[in-house]
Every structure is written in C-alpha cells, then in structure tokens.
Amino acid sequence: GDVEQVRIIAVKSWRTGDHEAVSVRVSRFGPGDRDVLVCGMWRGATLDCSATGYVVNNDGRNDTDLDLLVTVPRGFNVLAESINDEVHISDTGGDVAGSTVNGRVIVAVQTKADADVVLSTLNGRFSSDPDLGLTARKLTRRPMRLTLGAGGRRISLSSVNGELRLERA
C-alpha cells in the first residue's frame, strides 16, 4: 500500500572489494528540509554528493556494487541517477526523472497516466509497452518529446549508452 515516509533499502554485493568502504548517505535539503537526498558513498572516491551534483572517481579497485530501493509517498517527485547501472522507477504520480550513463532507464507508469515525456540518449533505443500507444524507435541526439494521455506532469528518461523504456506498472 501507500507509505507516508521515505523508506530506503540498500544491498551491497562484492567479490574482493572493501565493502566496508561503501556506505549510504541520507540528508535533507530544500524548503523546510522536505527533500531527501540518498547517495552511495565510496570512501576516497565520492567527490561530491549534494543537491547540485554527484561525482564519483572510482579507479576500479573496489568492485562493491550498491543497489538502492527507495520508496516515497504517492505524489512525490523523484530524480534517480546512476553512472553504470540500471535506473528503475515506479511512477509516484509526481514528476519523474531517471538518468544513467551506461545502463537502462525504465519508468513504470500507472494505468491512464497523463504526462509529458522527454527522452534523451546518444546510443540507445526507446521502447514502450504496446498499450501505451507509443512506438519503439532510435532516438536523435536532441531530446524527443512525447505525450502520454492528456499530458501534464513531466517524465524524463536519459541515458548516454542505454535503452529507455516506458512500461505499465
């Protein structure tokens, strides 16, 4: 069912890396500290984790992966970013933005969703569930704009080298 608070589940996996050097930082910001920022932190490699940016300079010596599952109340806006992993967002009813450099971005929308959709990729394709009425295609370098239902709120998917997918929740 619906939740009334932000919940975070973090799962670490590794082969030989120093998993103790990887942690999760949760902080609040914005008007009234209403916004929540969740960052994976690699000791000695995470250079910035703030509302304005996330920078990691991982030299490849620590193979620890960090998977985050963040659950927010219905209607909240979500921005989820990664560098080399998949970003999967289940629609909250608010604005949604998912981006990664090397990976897929998947957004699952509710039935009868209304949204303005913005898609951007350099070397990827876009696909969607057939009943959404959108067609799969190779994207151009400039953002592609589509309308889902009557339009309205914004759903943005971005990847440099990955597939963008819109599907039913």
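Here are a few things to note about the model shown:
- With 10 Å bins from 0: P(r) over segment 28-94, alpha-carbon pairs, percent: 16, 48, 29, 8
- The residues of segment 52-169 expose, per residue, 54 Å² of accessible area to a 1.4 Å probe.
- Backbone HN-Hα couplings from phi across segment 155-164 [Karplus 6.51/-1.76/1.60, Hz, Gly and Pro as x]: 10, 10, 10, 9, 8, 6, 10, x, 6, 10
- Protein accessible area in segment 68-127, 1.4 Å probe - carbon and sulfur %: 48
- Nonlocal amide H pairs with LEU79, under 5 Å, H built at 1.01 Å: ALA97
- The label point for GLU4 and the one for ALA169, both projected 7 Å from the Cα toward the Cβ, are 2.0 nm apart.
- Among ARG28, ARG154, ARG125, residue whose mean-square fluctuation peaks in a GNM of the chain (springs only between Cα atoms under 10 Å): ARG28
- Projected label distance in nm at ASP67 and ALA45, using a 7 Å step from Cα toward the beta-carbon: 1.8
- The share of Cα pairs per 5 Å bin across segment 21-142, counted from zero up to the longest distance, runs 2, 8, 17, 21, 19, 15, 11, 6, 2, 0 percent.
- Neighbourhood charge, 11 Å Cβ-Cβ cut-off, centred on GLY152 and excluding it, Lys, Arg +1 and Asp, Glu -1: -1
The values are calculated or read from the model by the stated rules, or taken from the named source; none is laboratory data. Owing to the predicted nature of the structure, the values given are computational and were not obtained by experimental measurement. Methodologically, a virtual Cβ is constructed for each residue, glycine included, from the backbone with ideal geometry; neighbour enumeration extends over all protein chains shown. Ligands, DNA and RNA are excluded from the accessible area calculation, which covers all protein heavy atoms including side chains. Shrake-Rupley method; radii C 1.70, N 1.55, O 1.52, S 1.80 Å.
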